[in-house]
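Right, one structure below, let's go through it.
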Amino acid sequence: MAHCIVAEADAVLDREFPVLDKGFIRLVDYLGGDERVVQSARVSYGTGTKTWREDSGLIDYLMRNRHTSPFEQVVFTFHVKLPIFVARQWVRHRTARLNEISGRYSVMKDDFYIPAPEDLALQSGDNKQGRSVDALESASAEKIRSGLEAAQKRAYGEYSDLVEGGLARELARINLPLSLYTEWYWQIDLHNLFHFLDLRLDTHAQKEIRLYAQVLFDIAKKVAPRCCASFEEHVLGAVNFSRSEFAELQRRLGMTETPAQKPVTEGRAQGNAPEPLSIKRFEEKLASGKQK
């Protein structure tokens with residue numbers, strides 16, 4: 001199996017792609033690309049035995065049918081600078097390897113995230129874990145930004161005083177806020193990166209981590225463009241239906257005479273019974289794509 005060199009990926013190695021106000025993502029290294037995926041899927045063939053169209057067709061076949069191991073042959077190493085609250089969401093994805101800067105060994109930098117005015121909003125009325133789509137008016141937004149900045153400066157000043165006073169760094173850091181930037185090296189294979197992107201590019205994910213996910217995806221496209229195009233087609237742009245939803249779709253298309261399951265608008269199944277069909281959720285899925 002030949003060593004894979006991807007010119008577009010080489011061109012962006014070590015380049016910082018900015019995210020948020022002070023963050024970035026940098027591609028440190030990569031292993032493999034589209035060619036490596038098709039090589040590993042056709043392990044008994046040599047390179048160059050198939051056409052570009054046949055290779056793309058094979059990648060689509062693998063993606064559609066969830067044959068994931070060939071995608072694991074492609075590996076990325078990223079250097080990421082990100083706020084701690086984003087990092088704590090990020091590490092929920094445990095199928096990667098990371099090494100983070102340590103506040104026990106190093107003095108943390110005076111770098112904090114302050115949301116842009118257009119990203120400040122009240123708690124959503126219909127989303128328990130998210131913000132409203134309507135940004136605050138400018139005066140309120142600037143007041144909040146000023147308050148955040150003042151609190152961050154105070155916290156970092158107190159941290160610096162403790163460090164300079166000789167307190168152990170591992171203790172001095174404990175009052176630093178979640179807006180503090182951290183850095184890490186993060187290594188992940190393409191299959192698990194796609195799983196990360198499927199969740200973190202979703203509109204239900206917090207905006208800040210969505211911005212990081214988009215930059216990760218843009219870099220991945222440099223390394224494995226055909227795999228990423230297939231992922232967009234068969235995963236990001238696709239919709240999964242439950243058994244009840246699929247039966248309702250067949251009924252609406254006139255493909256079956258089977259009556260649809262009795263719809264409900266809210267409530268959950270009891271015991272081991274499947275959740276009843278929600279017509280509202282089903283029609284939202286038809287109208288706008290994925291619904292978690």
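The values are calculated or read from the model by the stated rules, or taken from the named source; none is laboratory data. Computed from a predicted model, the values in this text were never measured in an experiment. Methodologically, a virtual Cβ is constructed for each residue, glycine included, from the backbone with ideal geometry; neighbour enumeration extends over all protein chains shown.
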### Task
Would you check if Val74 is among the β-branched types (Val, Ile, Thr) and touching a residue at least 24 places away in the same chain (Cβ under 8 Å)?
yes
### Residue check for Tyr61: surrounded by fewer than 16 Cβ atoms within 10 Å (Cβ to Cβ), among the aromatic types (Phe, Trp, Tyr) and within 29 Å of Gly237 (Cβ to Cβ)
yes
#### Entry: Filtered residue count, region 65-102, keeping only those that are charged (D, E, K, R) and touching a helix residue (DSSP H, G or I) at 6+ places or on another chain (Cβ under 8 Å)
2
### Task
Filter region 194-233 down to the residues that are assigned to a loop (DSSP other than H, G, I, E, B) and not hydrophobic (A, V, I, L, M, F, W, C), then identify the one that is nearest to Arg92 (Cα to Cα).
Gln206
### Query
Does Leu236 meet the test of being modelled with pLDDT of 60 or more and either crowded, with 16+ Cβ neighbours inside 10 Å or in the same structural domain as Leu199 (by TED's automatic domain parsing) (or both)?
yes
### Query
Of all residues in region 119-163, which are of a type in the set (Lys, Arg) and within 23 Å of the chain's Cα centre (by Cα)?
Lys128, Arg131
### Message
Looking at region 10-18, can you tell me whether even one residue there is exposed (fewer than 14 other Cβ atoms within 10 Å of the Cβ) and of a type in the set (A, V, I, L, M, F, W, C)?
### Response
yes
### Task
Considering each residue of region 200-232, count those that are closer than 22 Å to Trp52 by Cα, surrounded by fewer than 20 Cβ atoms within 10 Å (Cβ to Cβ) and either modelled with pLDDT under 95 or of a type in the set (Ser, Thr, Tyr) (or both), and give that number.
0
### Task
Hey, can you tell me all the residues within region 107-135 that are modelled with pLDDT of 95 or more and in a loop (DSSP other than H, G, I, E, B)?
Val107, Met108, Lys109, Asp110, Asp111, Tyr113, Ile114, Pro115, Ala116, Leu120
#### Entry: Extreme residue, farthest from His204 (Cα to Cα), among residues of region 82-118 that are among the aromatic types (Phe, Trp, Tyr) and under 22 Å from the mean Cα position of the chain (by Cα)
Phe112
### Query
Among the residues of region 81-134, which ones are aliphatic (A, V, I, L, M), farther than 24 Å from Arg173 by Cβ and surrounded by fewer than 16 Cβ atoms within 10 Å (Cβ to Cβ)?
Ala116, Leu122, Val133
### Query
Within the set of pairs 6 or more residues apart or between chains, which connect a residue that is over 16 Å from Val6 (Cβ atoms) and modelled with pLDDT of 90 or more inside region 33-52 to a residue that is assigned to a helix (DSSP H, G or I) and of a type outside the set (Asp, Glu) with Cβ atoms less than 8 Å apart?
Ala41/Leu58; Ala41/Leu62; Ala41/Pro70
